[in-house]
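Reading through the structure tokens given below for one structure.
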Amino acid sequence: MTAWVLGLVLASYAPQQAGSTLLDPAREARVQALGKQLRCPMCQGLSIADSNSSAARAQMDKVRELVASGRTDEEIRGYFTSRYGEWALLEPPATGMNLLVWLLPLLLLLGGAVAIARTIRRPASAPPAPPAKPAEPETDKDRPPPDDPWLEAVRAELRR
Amino acid sequence: MTRRGLWIGLSLAAVTAVLLFVLAKGFGRDPHEVPFQLRGKPAPDFTLKRLDTGAPVKLSELKGKPLVLNFWASWCGPCKAEHPVVAMAARRFGQEFQFYGVVFEDTEENARAFAGLPDPAFPQLMDERSRMAVDYGVTGVPETYFIDAQGIIREKVAAPLDPRTMMEKLAALKQPAGPVSEVVR
């Protein structure tokens, strides 16, 4: 029974194939570095170098083939973006609209630093505050009429 | 309001507007949807082996008649549900369109058992190590490409096809194409 269930589960997965033959160490390091930059289409946020999926293995094969054929890193990234757009790159390039995503946090940090610096400096550099004016005595005009029994009662209560 | 207050207010409004724009752009799309950039571009050439006869099939030799390429695998559940739809279309519209299945990440033995050889409704091609699938920007199976008579990719459906969608896509494939984009290599 266990073997049957196991067989059923395994049958629902793609037969795994080994990756293509590794290149010499220097070029293989390039393959792995490029693979780390490219997003696996079948996984959630994983690079094709880190994923075990069959699609990622196929894409790593392609990277290896392109490196072996003498393509530059830029050309290899271009091969994938021409098919999947910038989505294929785990780190979007800092150009066009993407520049906002890179610059905005820096601008906000800079703005915050300026605001904090100004707040800290202000008490030392600001001129001493003028002495507070003594409160103006209440004029008779502001006072309620003396014949208001309720106000008189409250005042009497407060004076206790 | 003082001049300084006005500047602070305007700066905050500008930053908020930019953030809202970026967020709206991001939230406006399905995060699971993988963009497809080959629409309107010439289909990358391929030479694949037929599963039944072993004869090589080249894309360049298929030009002149619209082509439907259906990527599938025997280990893919939705492919099993979709297969009769493609087979029905192949039987019914085989005079007007060419239908080919492309076996993705699978063994020949499994594919033969799945496709009902030696009498398949449409020929199946073996994509060794998924080289052709990567060239076509396949992200999983089932996926179906609709290529016109001039070899231009008109559409890709990255989901199991139902009869209605199949009919709509075939009808669209008969319409004249728009301007062709540059070749992708």
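The values are calculated or read from the model by the stated rules, or taken from the named source; none is laboratory data. Everything numeric here is computed off the predicted structure, so don't read it as measured data. Cβ atoms come from the backbone with ideal geometry, glycine included; neighbour counts cover every protein chain shown.
In the set (1) assigned to a helix (DSSP H, G or I); (2) within 12 Å of another protein chain (Cβ to nearest Cβ), the condition left unmet by B:GLU33 is number (1). For the range B:36-59, a residue qualifies if it is of a type in the set (Lys, Arg), in a loop (DSSP other than H, G, I, E, B) and more than 9 Å from every other protein chain (Cβ to nearest Cβ), and exactly one does: B:ARG39. Please tell me if B:VAL22 is surrounded by 13 or more Cβ atoms within 10 Å (Cβ to Cβ), of a type in the set (Val, Ile, Thr) and within 14 Å of chain A (Cβ to nearest Cβ). So B:VAL22 passes the test.
In the condition set (1) surrounded by fewer than 18 Cβ atoms within 10 Å (Cβ to Cβ); (2) assigned to a loop (DSSP other than H, G, I, E, B); (3) more than 17 Å from the chain's Cα centre (by Cα), B:ALA159 is compliant with all but (3).
Being part of a helix (DSSP H, G or I), of a type in the set (Ser, Thr, Tyr) and within 14 Å of another protein chain (Cβ to nearest Cβ) holds for only one residue in A:THR81, A:THR21, and it is A:THR81. For A:LEU89, the stated conditions do not hold, so it cannot be described as within 14 Å of another protein chain (Cβ to nearest Cβ), at pLDDT 90 or above and out of contact with any Lys or Arg (no Cβ under 8 Å at 6 or more places or on another chain).
Within the range A:25-48, residues that are under 15 Å from A:LEU90 (Cβ atoms) sit with their Cβ atoms under 6 Å from residues that are assigned to a helix (DSSP H, G or I) and aromatic (Phe, Trp, Tyr), at 6+ positions apart or across chains, in these pairs: A:LEU38/A:PHE80.
Would you call B:VAL85 more than 14 Å from chain A (Cβ to nearest Cβ), farther than 30 Å from A:GLU86 by Cβ and touching a helix residue (DSSP H, G or I) at 6+ places or on another chain (Cβ under 8 Å)? Here the answer is yes, as B:VAL85 does meet what is asked. Scanning the range B:101-124 for residues that are crowded, with 22+ Cβ neighbours inside 10 Å and away from chain A (no Cβ under 14 Å) yields B:GLY101, B:ALA115, B:GLN124.
Only one entry in A:LYS36, A:LYS62 is in a helix (DSSP H, G or I), of a type in the set (Lys, Arg) and at the interface with chain B (Cβ under 10 Å from one of its Cβ atoms), namely A:LYS62. No other residue among A:PRO137, A:PRO123, A:PRO127 is part of a helix (DSSP H, G or I) and modelled with pLDDT under 75 apart from A:PRO123. Would you point out which residue out of B:PHE93, B:PHE21 is out of contact with any Gly (no Cβ under 9 Å at 6 or more places or on another chain) and under 26 Å from A:ALA88 (Cα atoms)? Matching residue, one of B:PHE93, B:PHE21: B:PHE21. All of B:LYS63, B:LYS80, B:LYS49 fail the test of being without any contact (Cβ under 8 Å) to a residue 40 or more places away in the chain and basic (Lys, Arg), apart from B:LYS80.
Here B:ARG131 qualifies as among the basic types (Lys, Arg), within 14 Å of chain A (Cβ to nearest Cβ) and within 18 Å of the chain's Cα centre (by Cα).
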